[in-house]
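Novice: To start, I am sharing the structure in question, which I have written as structure tokens.
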Amino acid sequence: MSLPPANMTNDTRRLLGARATRGFGDGIVSVLLPVHLAALGFGSVQVGMIATVTLLGSAAMTLGVGLLAGRYSRRWLLRRATILMVLTGFGFTFVDSFWLLLPIAFIGTLNPSTGDVSVFLPTEQALLPQTVPSSRRTALFARYSLAGSLAAAIGALIAGWPAEIAERLDIDPDTANASMFGLYGLLGLLILWTYRGLSPQVEPAPKLSGKPLEQSRAIVFRLSALFSLDSLASGFVVQSLLAVWLFERFDLSVTAAGTIFFWTGLCSAGSQLFAAKLAARIGLINTMVFTHLPANIFLMLVPFMPSLPLALGLLLLRSVLSQMDVPARQSYVMAVVPAQERSAAASVTNVPRSLASALGPLLAGWLLAESDFGWPLVIAGALKATYDLLLLVMFRNVRPPEEVR
């Protein structure tokens, strides 16, 4: 099943290319982060602390971008964010002190999760609808999510290759793993070049009022509260900590974990191609709920599986459905707010998500240190299922303009 022809402009291609490049880097570092930190002598709790601080920093930066969006061009903000990405990559390459890595994690762009919770997201979300008619908005967001998910899956797949090559060449594998964070920084330079080619036409029209949110304040705040619950749950199963659980529960190698995340990421990426078609048939809210809910049931069942093949089977089933809500959610938010308020709406809905998700890794790290059962997966699935039901009850009758007959 394919998406309708996108007739993509140069701006669309650049935004999708930047998302794919960033996803590739995120896929690498999300797998290697716990390995790299373990090589530095850090335990599960410290890994969770760094993941938490990373997400808190993303929330703070995203809020700042939302407040500044009316004063500076979105292209200017994106270019400044890539500079932070470069500094983050080289910081994690050369710094080995836990107390120095914490501030780098806070002000940086490292993403320990499978989804995009970075400072780039709200700004790109506000720019994308400017490049297509509303009838193709959901399809474009599906392509956007697909680009990130597929690239992240490839990044996860190759994450373990440098260490394997280093071992064959009798080189310290920890040094090879650390060098991949340098690659992450170099990818930031490539993204900077990509953003520099964006045209002025991609910018939304300026708001006449000084308030970032005026017409859409009520619905944005309600959506933010619900998205926060979902993100709180996601924080318990960020990819870096899921890797820790797989390492401890099934004694997997980095290469094996990377291969697993490649296939789960590939399933997630491929399934997003169906999101636009499904949304056209049953609506954006129904697409979000009725794909996400069974995925969360699968997640809750994973820790109860007695063997690795059964656990992986459920993780793969979950990945087929778990990300179909992403383009639908992004499209829905952009549809129910005025164009001039999209950047602020994207920031306001993403900041609480980042803050809420920041709580999970620390608690999950503590739970994993106490038991290898997989309690974080059970908690995450239960919270996410609650979010799905609340979303359906509260917003099933709030339809975007293209769904109103």
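The values are calculated or read from the model by the stated rules, or taken from the named source; none is laboratory data. None of the values given here were measured: they were computed from a predicted structure. Note that each Cβ is placed from the backbone with ideal geometry, even for glycine, and that neighbours are counted across all protein chains shown.
Novice: Report yes if VAL320 is farther than 19 Å from LEU246 by Cα, surrounded by 23 or more Cβ atoms within 10 Å (Cβ to Cβ) and at pLDDT below 95, otherwise no. Spell out how you get there, then give the answer.
Specialist: Values: farther than 19 Å from LEU246 by Cα: yes; surrounded by 23 or more Cβ atoms within 10 Å (Cβ to Cβ): no; at pLDDT below 95: yes.
No.
Novice: Just a yes or no: is a residue in region 248-262 assigned to a loop (DSSP other than H, G, I, E, B) and more than 30 Å from VAL35 (Cα to Cα)? I'd like the intermediate steps shown before the answer.
Specialist: Here is the first cut: in region 248-262, the ones assigned to a loop (DSSP other than H, G, I, E, B) are 251-253.
Right, trim to more than 30 Å from VAL35 (Cα to Cα) and you get none.
There is no residue in region 248-262 that is assigned to a loop (DSSP other than H, G, I, E, B) and more than 30 Å from VAL35 (Cα to Cα).
Novice: While we're here: Collect the residues in region 89-110 that are free of Cβ contacts under 8 Å to residues at least 24 places away in the same chain and either in contact with a strand residue (DSSP E or B) (Cβ under 8 Å, 6 or more places away or on another chain) or not in a helix (DSSP H, G or I) (or both), keeping them in residue-number order.
Specialist: Result: VAL95, SER97.
Novice: Any residue at all in region 282-299 that is in contact with a helix residue (DSSP H, G or I) (Cβ under 7 Å, 6 or more places away or on another chain), part of a helix (DSSP H, G or I) and within 19 Å of ASP372 (Cβ to Cβ)? First the steps, then the outcome.
Specialist: Of the residues in region 282-299, the ones in contact with a helix residue (DSSP H, G or I) (Cβ under 7 Å, 6 or more places away or on another chain) are 283-285, 287-289, 291-299.
Retained after the next criterion (residues that are part of a helix (DSSP H, G or I)): 284-285, 287-289, 291-299.
Narrowing further to those that are within 19 Å of ASP372 (Cβ to Cβ): 299.
Yes, region 282-299 contains at least one residue that is in contact with a helix residue (DSSP H, G or I) (Cβ under 7 Å, 6 or more places away or on another chain), part of a helix (DSSP H, G or I) and within 19 Å of ASP372 (Cβ to Cβ).
Novice: Out of PHE250, PHE304, PHE290, which single residue is under 21 Å from the mean Cα position of the chain (by Cα) and not hydroxyl-bearing (Ser, Thr, Tyr)? So that I can check it myself, show each step before the final result.
Specialist: Numbers: PHE250 fails: under 21 Å from the mean Cα position of the chain (by Cα); PHE304 fails: under 21 Å from the mean Cα position of the chain (by Cα).
Matching residue, one of PHE250, PHE304, PHE290: PHE290.
Novice: With without any contact (Cβ under 8 Å) to a residue 60 or more places away in the chain and part of a helix (DSSP H, G or I) as the only criterion, which of SER331, SER347, SER319, SER343 stands out? Walk me through it before giving the result.
Specialist: On the way: SER331 fails: without any contact (Cβ under 8 Å) to a residue 60 or more places away in the chain; SER347 fails: without any contact (Cβ under 8 Å) to a residue 60 or more places away in the chain; SER343 fails: without any contact (Cβ under 8 Å) to a residue 60 or more places away in the chain.
Checking each option against the conditions leaves just SER319.
Novice: What's the number of the only condition in (1) surrounded by 23 or more Cβ atoms within 10 Å (Cβ to Cβ); (2) in a helix (DSSP H, G or I); (3) modelled with pLDDT of 85 or more that ALA126 fails to meet?
Specialist: (3) is the only condition that ALA126 fails.
Novice: So if I check each of SER268, SER228, SER234, SER253, which one is in contact with a Lys or Arg (Cβ under 8 Å, 6 or more places away or on another chain), closer than 27 Å to ILE158 by Cα and among the hydroxyl-bearing types (Ser, Thr, Tyr)? Spell out how you get there, then give the answer.
Specialist: Details: SER268 fails: in contact with a Lys or Arg (Cβ under 8 Å, 6 or more places away or on another chain); SER228 fails: closer than 27 Å to ILE158 by Cα; SER253 fails: in contact with a Lys or Arg (Cβ under 8 Å, 6 or more places away or on another chain).
Of the residues listed, the single one that is in contact with a Lys or Arg (Cβ under 8 Å, 6 or more places away or on another chain), closer than 27 Å to ILE158 by Cα and among the hydroxyl-bearing types (Ser, Thr, Tyr) is SER234.
Novice: Mind telling me which of the residues LEU241, LEU246 ends up being within 18 Å of MET300 (Cα to Cα), hydrophobic (A, V, I, L, M, F, W, C), free of Cβ contacts under 8 Å to residues at least 24 places away in the same chain and out of contact with any Gly (no Cβ under 6 Å at 6 or more places or on another chain)?
Specialist: The conditions single out LEU246.
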